[in-house]
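Participant: Here it is, the structure in full.
Each reported figure results from applying straightforward, stated rules to the coordinates on display, with no laboratory input. Not measured: the values here are computed from a predicted model. Note that each Cβ is placed from the backbone with ideal geometry, even for glycine, and that neighbours are counted across all protein chains shown.
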Number of protein chains: 2
Amino acid sequence: MSGTTGKEIKNMKIVLESGREITSSPRTTILETLKGDGVYLTTSCAGNGTCGKCKVLVKSGSVNSESSGKLSETETRSGYVLACTTSPEGDIHIEIPKESIMTVEGKIAVETSKNLLSIFKSKGVSIDPLTRRTPLQLPPPTLDDNISDMERFKRELAVKELGCMRIPFRLLRGLAATVREDNWNIILSTIKSDDCDEITNIFPGGRQTDRFGVAVDIGTTTLALYLIDLEDGNVIDVASTYNSQMRFGDDVITRIVQATENNELDLINMAVINDINNMLTLILNNRGIDPDKVDQVVVAGNPTMTQLFLSLDPSAIREEPYVPTANTFPLAYAGELKLKTRPSAPVYIFPSVASYVGGDIVSGVLASGIHKKEELSLFMDIGTNGEIVLGNSEFMVTAACSAGPCFEGSGIKHGMRATEGAIENIKINRETRELTLKVVGDTKPIGICGSGMIDAISEMFLTGILDQKGKLHKDESRSVRFGPDGLEYLIYAGEEKDIVLAEPDIENILRAKAAIHAGIAILLSEVGFTFDDIQKVYIAGGFGKFLDIEKAIILGMLPDMPREKFEFLGNTSIVGAYLCSLSRDLRDEAEDIASKMTYLELSTSSTFMDEYVSGLFIPHTNIDAFPTVKALIEK
Amino acid sequence: MSGTTGKEIKNMKIVLESGREITSSPRTTILETLKGDGVYLTTSCAGNGTCGKCKVLVKSGSVNSESSGKLSETETRSGYVLACTTSPEGDIHIEIPKESIMTVEGKIAVETSKNLLSIFKSKGVSIDPLTRRTPLQLPPPTLDDNISDMERFKRELAVKELGCMRIPFRLLRGLAATVREDNWNIILSTIKSDDCDEITNIFPGGRQTDRFGVAVDIGTTTLALYLIDLEDGNVIDVASTYNSQMRFGDDVITRIVQATENNELDLINMAVINDINNMLTLILNNRGIDPDKVDQVVVAGNPTMTQLFLSLDPSAIREEPYVPTANTFPLAYAGELKLKTRPSAPVYIFPSVASYVGGDIVSGVLASGIHKKEELSLFMDIGTNGEIVLGNSEFMVTAACSAGPCFEGSGIKHGMRATEGAIENIKINRETRELTLKVVGDTKPIGICGSGMIDAISEMFLTGILDQKGKLHKDESRSVRFGPDGLEYLIYAGEEKDIVLAEPDIENILRAKAAIHAGIAILLSEVGFTFDDIQKVYIAGGFGKFLDIEKAIILGMLPDMPREKFEFLGNTSIVGAYLCSLSRDLRDEAEDIASKMTYLELSTSSTFMDEYVSGLFIPHTNIDAFPTVKALIEK
């Protein structure tokens, strides 16, 4: 970690823990060198040395480090450096912490893939992506028939009676070469439209048989991306990552302020575009797929995420009367959004309902199918916000709960998403107060995810370590101790770091669950129903599949209802985006859902504040609404 | 002209001949400094020191010159430098030769303007540019009516029954700010279309009342540009310049070869784009008009010029069966062509007829009106190529003559366009052999333009200085002398340089006139007419207005017909572009002309070569076809 030496410059080796050796050029950062060899590290600052996410441990060898960003003094002292601002000065041995490696959930992908295709098949529609392909054989020109390439093409469209077709100017460039490449055999790519289909591409006949689609869920905290084979509907790979916009603020309001008052719309927009491009490039590289074969993109996100993705000024969303630029969107092209697919690939953006209920919810409802069922269903998407939909095939009402991003790990000291190393399940022995942990991937724990937090709090509550108001009691367990943020509960004592839940963490979690529960209560009362009328509760959101219903009810997040009424759906936003990637009928259905849903503004409800404050208790001030919890406490 | 001195750096002055002083910063080229002060020099290499067009004479003071490009040794010795690669090293006095100053034909512009508006008015159509403007008042959003900006906008379109309107994605960006700028008053800009109108822009209501159009004629040798007030149809200013593509070759074939075999399509494309941008920026700066107010562009050019302007691969144009990419063009946007207007300004490109008869001829025919007359007319556009059209309201046939660019000054040692300083008229005294010259602008001559060349050759022929075969006779005049290219005829003895016509120049001119005359002869015979059937001859092309018909007949370029049958129209391509800038009806008429015209390929005519070779004589081998010339010779 000294300054540059005067030694002769030659190539060096970076040796990983596994023994793998990667050659590094002089003055090239570790980040770049690893990337060149297919090892991708997480960065949310695009490698500017500020986010601190790409840290690696230098175990031996000399390096030149330009900044240590967000590294703690302890980390720096232990030999951690930021890969993005550090270059080797000779052969070095490094260790890459798990949290620095960009996640590609390969295993989950394969599994998910099968399920998804069966979900798609269950919808009873055929594969019909954004663009249709039509082969055409043009008669080659002769001296007697030497009309221009474009007129020849148009004549053939008329002969084949392909209907009104709009030809954008850009298609002229390259047309001469395209028609001649495969002896006047071409393939048309068109987008169906009510008035006149648009030609998006003209390919030489011999090429472009296989093609792929990308479905993206843009969450406020996390992003998910599916690469889909548009021929058979299979999901080829899945990637997910944190949304790098987090450095502009954890919630949508802060990001809107940053985008407008600080004039950072472009930066915030490019943060998420880069995230998507990074995930996509990683998958495409792994699979050896040419980005030019990516033929379409389908995107679902909440209204603010959608506007920031499209680089639309979001300021009016947060000012009365809360108006987004658009709730339905014309098709965009990947090129104008700077996505690294074929620039002419069309981008479908899910329609929104209102300023705080967006395309992710429309997508989720489509995936859940509640809009086609007779029974009264409650659909909950517990991500950064917590949007809820109540309804059936007759009506749908929706509201947004402002729950905050804590269940996705943000704002919680040792919070993380439910990926490898996350504590997803916690039990506290009633006698010994000893903990049993379950960790995603059965590895050494590196943090705690949403379901782990809910487990921890309800277990602490049941054992008396935590009281109804969310305060820790030091005398109830040796695991309660003073930490830098006040009282904290030690969940895992690690060699390098401990994993704890501190009182401010617990406060965040209680606020989130209170907002969700209050939202459901208000929505029900506004349309004249009660909790008992709900026949089914669908729980969507990243942490859904790990959630222990029992514990969530003890916490007071979910209503105290028969357990068989609950069903987990996982990330429904990405599932809906996948479905709409494959079918025009389902895209029409999504537009229909968006236009049918009625939005209720919770903040203008006279009873919201009362409901919210009552919900800050565990499980609730009205303990009678939680009979099974009451019974447990009494036991 | 020494190297950089060690003196302290401070600002310096460039003093022009007129006494005007311009402050120069250190290490800034003369070109840049002059430009900053509104003095534009001609450059066709974008200031790279290679074209030699921006030469200036340094009369006193020290400069640092990095390259002397195409300057001759004599010029360098006399103190000429290239303004683009030379910076002052202290105060300097310079003289700018006329040919280095970029031409803005201000005086002609005002005059032309009146004529043009009356031509437009004579067409009996109303002003209807590419885009229509429609004011709209949206109801501002309230808490009870808080649909998105886009839905609010669409709702108003429906309320006002404005019909099908396509909204491109790019309009979403900025929409939120636009609708709010003038309290929800907006102005729509739309393009009429058969299926569904396209919205090109949404402006705040209080802005964008005045708007302008640009009409461009892209000649192989010269470019002309009109800035038009789209409200009243007046031409505000006119600019013209050489086509910088000349450095890639004088004729279209050479440029096609350069574009394809040397892979220089992008460079050739940008050469003409830069020329147009330079002219436009100059005019807009002079008039203080914001480029964002330029609302549309209309372009006419021959097929190769059109393809190179659009950056379309032109290779198939020169290979059998001679096929261009397109003869009719979808609207492009200025931004995708890199034109420096508002990027969303639509660009209308005149339709072509065939690979060698293009939009400039369609535009010219439209301006001439021959397509609406009963009489049999011959339309000739004598530019770099020499295209001819024969027909009336019933039929039209057309051919291209490959005349070459000599009448526009190219390929002729002292050739130039008919701008200030060009010898446009020459008389040789039959007795004394003394010359009388007429110079455009009545200034000191700096070159000879097309009409001057025709005058010179026919006068030399009539006085016996030149024989029928185009050979000079030294003993017939003291003005005939040996020069570096063989025998030459001294037209003007200047202090700095003489102006001559050498035998290779004369040969070029004879080849051009032979091609034109042969073209007319073949076209007539192919459709079964003779010279006598022609009721009217319209002569278009830059040099038209200065041309002496009598002399052109003596030369054998024009048929020997009653003089009252001839009419000069000037640059009809730019006039047609002007007309179509203002009227949709006339644009429809242009499309109609293009589709009605039949193209004849001269090179496949069995008699073309005979006709051509006969035409290499003055006036022709068949002197009986030129009775008035025969009478003159006999006299």
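Participant: Hey, what do the phi angles of the stretch B:506-512 turn into as Karplus ³J(HN,Hα) couplings, whole Hz, using 6.51/-1.76/1.60 and θ = phi - 60°, x for Gly and Pro?
Facilitator: Ordered by residue, 3J(HN,Hα) equals 4, 4, 4, 5, 5, 4, 5 Hz.
Participant: Kirkwood hydrodynamic radius, the stretch B:367-440, all distinct C-alpha pairs: what's the number in Å?
Facilitator: 15.1
Participant: If you line up the long axis of helix B:359-368 against the longest principal axis of chain B, both from Cα atoms, how many degrees apart are they, to the nearest 10?
Facilitator: The two axes meet at around 80 degrees.
Participant: Something else about it: What angle do you read, to the nearest 10 degrees and between 0 and 90, between the alpha-carbon axis of helix A:149-159 and the longest principal axis of chain A?
Facilitator: For helix A:149-159, the angle is close to 80 degrees.
Participant: Count, for each residue of B:145-156, the Cβ atoms from other chains sitting within 10 Å of its Cβ, then give me the mean as a whole number. Intermediate results must be reported in sequence, preceding the final value.
Facilitator: On the way: counts 2, 10, 6, 14, 8, 9, 7, 2, 1, 2, 0, 0.
Whole-number average of other-chain Cβ neighbours for B:145-156 is 5.
Participant: Further question on the same structure: Quick check on the stretch A:286-412: what does the Kirkwood estimate of hydrodynamic radius come out to from the alpha carbon pairs, in Å?
Facilitator: 16.2
Participant: Taking loop as defined by DSSP and a crowding limit of 12 other beta carbons within 10 Å, which GluC sites (Glu not before Pro) in the stretch B:429-491 fit?
Facilitator: Sparse-neighbourhood loop GluC sites (Glu not before Pro): B:E431, B:E434.
Participant: Using only alpha carbon pairs under 8 Å that are at least six residues apart, calculate the relative contact order of the stretch A:511-635 and give it in whole percent.
Facilitator: 37
Participant: Looking at the stretch B:329-411, which GluC sites (Glu not before Pro) are DSSP coil and have at most 14 other C-beta atoms within 10 Å of their C-beta?
Facilitator: Qualifying residues, ordered by number: B:E374, B:E375, B:E394.
Participant: Of the listed peptides B:229-241, A:280-292, B:506-518, A:220-232, what is their order by residue-averaged count of other C-beta atoms within 10 Å, with the highest listed first? Present the calculation step by step, with values, prior to reporting the outcome.
Facilitator: Numbers: B:229-241: 20.2, A:280-292: 16.2, B:506-518: 23.8, A:220-232: 22.0.
Packing proxy ranking, top to bottom: B:506-518, A:220-232, B:229-241, A:280-292.
Participant: To continue, here is another question. For the stretch B:477-635, report the % of Cα-Cα distances exceeding 23 Å. Let's see the in-between values first.
Facilitator: Values: 6834 of 12561 pairs.
In whole percent, the long-distance tail amounts to 54.
Participant: Let me ask something else. Within the P(r) computed for the stretch B:527-614, what percentage of the Cα pairs occupies the region above 21 Å? Don't skip to the end; give the middle numbers.
Facilitator: Details: 2026 of 3828 pairs.
Result: 53 percent of Cα pairs exceed 21 Å.
Participant: Please pull out the direction-averaged projected area of the stretch B:206-351, using the convex hull of its alpha-carbon atoms, in nm² to one decimal place.
Facilitator: 8.5
Participant: Then there is this: Distance between Cα centroids, the stretch B:211-232 to the stretch A:590-635: provide it in whole Å.
Facilitator: When both Cα centres are located, 67 Å separates them.
Participant: Expressed as a rounded percentage, what relative contact order does the stretch B:149-244 have, with Cα pairs under 8 Å and six or more residues apart?
Facilitator: Dividing the mean separation by the residue count of the stretch B:149-244 yields 18 percent.
Participant: Could you compute the FRET efficiency for B:E231 and A:S67, with r as their C-beta to C-beta distance and R0 at 56 Å, rounded to 0.05?
Facilitator: Numbers: r = 58 Å, r/R0 = 1.03.
Result of the calculation: an efficiency of 0.45.
Participant: For the protein assembly as shown, what is the percent of antiparallel DSSP beta bridges, rounded to the nearest 5? Mind showing how you got there, number by number?
Facilitator: On the way: 137 of 193 bridges.
Percent antiparallel among DSSP bridges in the protein assembly as shown is about 70.
Participant: Also: Provide the per-residue ³J(HN,Hα) series for the stretch A:11-17, in order, calculated from phi with Karplus coefficients 6.51, -1.76, 1.60 and θ = phi - 60°, each as a whole number of Hz, with x at glycine and proline positions.
Facilitator: Once θ is set to phi - 60°, the couplings for the stretch A:11-17 become 5, 10, 10, 10, 9, 7, 4 Hz.
Participant: Convex hull volume of the Cα atoms in the stretch B:162-277, per residue, in Å³?
Facilitator: In the stretch B:162-277, the Cα convex hull volume per residue is 169 Å³.
Participant: Across the residues of B:354-360, average count of Cβ atoms on other protein chains within 10 Å?
Facilitator: That works out to 1 on average.
Participant: Scan around A:N243 for amide H atoms under 5 Å from its own, H built in the peptide plane at 1.01 Å from N, and keep only partners 5 or more places away or cross-chain.
Facilitator: A:T222, A:L223
Participant: Could I ask something else about it? Helix B:584-596: angle to the longest alpha-carbon principal axis of chain B, degrees 0 to 90, nearest 10?
Facilitator: 50
Participant: Continuing with this model, one more query. Could you please tell me the mean projected area of the C-alpha convex hull for the protein assembly as shown, averaged over all directions and given in square nanometres to one decimal?
Facilitator: Reported value for the Cα convex hull: 57.4 nm².
Participant: Ranked from highest to lowest mean number of other Cβ atoms within 10 Å per residue, what is the order of the peptides A:438-444, B:442-448, A:572-578, B:84-90?
Facilitator: Those peptides, ordered most packed to least, come out A:572-578, B:84-90, B:442-448, A:438-444.
Participant: For each pair in B:K427/B:K513; B:K53/B:K471; B:K98/B:K536; B:K427/B:K635; B:K59/B:K413; B:K438/B:K513, compute the distance between the two Cα atoms and list the pairs where it is over 29 Å.
Facilitator: B:K53/B:K471; B:K98/B:K536
Participant: Counting each DSSP H run of 4 or more residues in the protein assembly as shown as -39500 (n - 2.57), what helix-only mean residue ellipticity at 222 nm follows after dividing by all residues, to the nearest 500 deg cm²/dmol? Show your work: numbers first, answer last.
Facilitator: Numbers: 33 runs with 364 residues, N = 1270.
It lands at -8500 deg cm²/dmol.
Participant: Give me the mean projected area, in nm² to one decimal, of the convex hull enclosing the Cα positions of chain B.
Facilitator: For the Cα atoms of chain B, the hull's average projected area reads 32.7 nm².
Participant: A follow-up question, please. Taking amide H positions as placed in the peptide plane 1.01 Å from N, state which residues far from A:Y333 in sequence (5 or more) or on other chains have amide H under 5 Å from it.
Facilitator: For A:Y333, whose amide H was placed from the backbone, the distant partners under 5 Å are A:V347.
Participant: OK, next. What Kirkwood hydrodynamic radius, in Å, does the stretch B:487-579 give when the mean of 1/r is taken over all pairs of distinct Cα atoms and then inverted?
Facilitator: The answer is 15.6 Å.
Participant: Within the stretch B:591-635, what residues put their amide N at less than 20 Å from the label point 7 Å along the Cα-to-Cβ vector of B:D485?
Facilitator: The answer is B:616-618, whose backbone nitrogens lie closer than 20 Å to the label point.
Participant: Would you order B:S355, B:S603 from fewest to most other beta-carbon atoms within 10 Å of each residue's own beta-carbon?
Facilitator: B:S603, B:S355
Participant: Computed FRET efficiency, Cβ-Cβ of A:V613 and A:R132, R0 41 Å: what is it to the nearest 0.05?
Facilitator: For R0 = 41 Å, the calculated efficiency reads 0.15.
Participant: Give a residue-ordered list of calculated ³J(HN,Hα) values for the stretch B:54-65 (Karplus: 6.51 cos²θ - 1.76 cosθ + 1.60, θ = phi - 60°; whole Hz; x for Gly, Pro).
Facilitator: 9, 5, 10, 9, 8, 8, 7, x, 9, 10, 10, 10
Participant: Just need log10 I(q)/I(0) for the stretch A:206-252 at q = 0.13, 0.19, 0.20, 0.27 Å⁻¹, Debye formula, equal scatterers on the alpha-carbon atoms, no solvent, rounded to two decimals.
Facilitator: For the requested q values the scattering log ratios are -0.41, -0.65, -0.68, -0.91.
Participant: Enumerate the amide H contacts of B:N201 below 5 Å, restricted to partners 5 or more residues apart or on another chain; note that Pro and chain-start residues carry no placed amide H.
Facilitator: The answer is B:S189.
Participant: Determine the relative contact order of chain A: mean sequence separation of Cα pairs under 8 Å and six or more apart, normalised by residue count, in whole percent.
Facilitator: 11
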